[in-house]
Amino acid sequence: MPQVLLKKMEALAQKPIHYFLSTDNNTIHINNILGHTLKIENTGEKYCVRCGAKTKKLYGEGFCYKCFITAPEADVCVIHPEKCQAHLGISRDMEWSREHCLIDHYVYLAVTDHLKVGVTRHTQVPKRWIDQGALMAIKLAKTPYRQLAGLIEVDLKQHFSDKTHWKRMLETNTPPDIDLTEAKRSAAALLIPEFRKYLDLDNTIYTFSYPILSQPPRISSVNLDKIHTVEGKLIGIKGQYLIFDSGQVLNIRKHSGFLVRIST
Ligand SMILES: [Zn+2]
């Protein structure tokens, strides 16, 4: 019964996508559990995913309070790229920012249950889209640093959603009838002139299929702070969610830093 400190599942972009969870001395290939019983028990212990300190409460995506207020991984630009100031030499940690903010970024269009605009580091293609449970994606613009991609995204938010509705995302497994090349053309036409030079000419349409055996009747999300154990037949994995036959879904990323026991 391995104990696992939960953090974001790793994904391999195959068809369908393969998911992995790392334990101290092992890697669990979650696709192999599909169709079988999976039990995840909360031990009640929590640890910072960055510094490893034991903590009563986690902040953001699995940080202790100290890391949350000081770590570059938890800075405001992670959620709001347009607020990144690394290009001005301002950041919690410039060394980290040189590797994560002052590198090529993409503004993209992705389809979950609907069309949305987003930003990602070039190193996160196509992981970022898989984490969101996107069915399709296309690159729109390429910028040399993070804040600029954020500004383009903000400009496009007047016309496109930037949100993923997790429940509708989990319920939608056939892509809606959206022509992404056409959507990119419309988005490009909406850009203000100074942003147009960043348009990416690569029109590759990325498509993703998730390992889902069947669709549960009704979806409800599990909060491991409220219930101790989730158990059932694993019938799907999508985005960062494990989907059980009861309709319970567990967002692994949201439980980063929880120490759990996993048994099959
Ligand atoms: Zn910490």
Considering amide H positions built from the backbone, and no H for Pro or chain starts, which residues 5 or more places from Gly239, or on another chain, come under 5 Å of its amide H? Gly133
Of the options Ile192, Ile178, Ala149, report the single residue whose Cα projects farthest towards the positive end of the charge dipole of the chain (beta-carbon charges: Lys, Arg +1; Asp, Glu -1). Ala149
Relative to the chain, whose Cα atoms define the longest principal axis, helix 146-156 and its Cα axis are tilted in degrees, nearest 10, by 80
Explain nothing, just compute: Karplus ³J(HN,Hα) = 6.51 cos²θ - 1.76 cosθ + 1.60, θ = phi - 60°, for every residue of segment 43-54 in order, whole Hz, x for Gly and Pro. 7, x, 8, 10, 9, 5, 6, 9, 9, x, 5, 6
I want to check the label-to-label distance for Gln124 and Arg261. Put each point 7 Å from Cα in the C-beta direction and report it in nm to one decimal. 3.5
Summed over the other residues with a beta carbon less than 11 angstrom from that of Ser246, with K and R at +1 and D and E at -1, the charge totals 0
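In a shell of Cβ-Cβ distance under 10 Å around Ile69, excluding Ile69 itself, what net charge do Lys and Arg (+1) and Asp and Glu (-1) give? Can you show the working numbers first?
Working: positive: Lys66, Arg92; negative: Asp75.
Once all neighbours under 10 Å are counted, the net charge is +1.
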In debye, nearest 20: dipole of segment 1-109 around its Cα centre with unit charges on the Cβ of K, R (+) and D, E (-)? 380
In this structure, the FRET efficiency calculated for His87 and Thr37 from their beta-carbon separation, with R0 = 41 Å, to the nearest 0.05, is 0.25
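Can you tell me how much longer the chain between Arg168 and Leu199 gets when fully stretched, taken as 0.36 nm per residue apart minus their C-alpha distance, in nm with one decimal?
Values: separation 31, 0.36 × 31 = 11.16 nm, distance 2.99 nm.
Additional length available on full extension: 8.2 nm.
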Residue order for Trp96, Trp166, Trp129 - accessible surface, 1.4 angstrom probe, largest first: Trp166, Trp96, Trp129
Three-way shape label, segment 75-207, alpha-carbon gyration tensor, a/c 1.5: prolate
Return the inverse of the average 1/r over all pairs of distinct C-alpha atoms in the chain, which is the Kirkwood hydrodynamic radius, in Å to one decimal. 19.5
So what's the angle, to the nearest 10 degrees on a 0 to 90 scale, between helix 180-190 and the longest Cα principal axis of the chain? 50
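So if I place +1 on the C-beta of Lys and Arg and -1 on the C-beta of Asp and Glu, and nothing else carries charge, what would the dipole magnitude of segment 110-264 be about its Cα centre? I want it in debye, nearest 20. Write down the numbers at each step before the final one.
Details: 22 positive and 15 negative charges, 78 e Å.
Dipole of segment 110-264, to the nearest 20 debye: 380 debye.
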Among Pro81, Ser220, Ala137, whose Cα sits farthest toward the positive end of the charge dipole of the chain (+1 at Cβ of Lys/Arg, -1 at Cβ of Asp/Glu, about the Cα centre)? Ser220
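What shape does segment 12-98 take by its C-alpha gyration tensor, where a ≥ b ≥ c are the square roots of the eigenvalues and a/c under 1.5 counts as rounded, a/b above b/c as prolate, and the rest as oblate? The partial results should precede the final answer.
On the way: a/c = 2.91, a/b = 1.61, b/c = 1.81.
Verdict is oblate for segment 12-98.
Using a/c under 1.5 as the rounded threshold, could you call segment 92-155 rounded, prolate or oblate? The axes a ≥ b ≥ c are square roots of the C-alpha gyration tensor eigenvalues, and prolate needs a/b larger than b/c, oblate otherwise. Don't skip to the answer; put the middle values down first.
On the way: a/c = 2.47, a/b = 1.72, b/c = 1.44.
Here segment 92-155 falls in the prolate category.
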Give, as a single signed number, the net charge of other residues whose beta carbon lies under 11 Å from the beta carbon of Val154, with Lys and Arg counted +1 and Asp and Glu -1. -2
With +1 on each Lys and Arg Cβ and -1 on each Asp and Glu Cβ, and nothing else charged, work out how big the dipole of the chain is about its Cα centre, in Debye to the nearest 20. 480
Counting only DSSP beta bridges with both residues in the chain, tell me the antiparallel percent, nearest 5. 95
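The values are calculated or read from the model by the stated rules, or taken from the named source; none is laboratory data. The shown structure was predicted, so the numbers you read here are calculated from the model rather than taken from an experiment. Here the Cβ is made from the backbone with ideal geometry for all residues, glycine too, and neighbour counts use every protein chain on show. Surface accessibility is based on the protein's heavy atoms, side chains included, excluding ligands, DNA and RNA. Shrake-Rupley method; radii C 1.70, N 1.55, O 1.52, S 1.80 Å.
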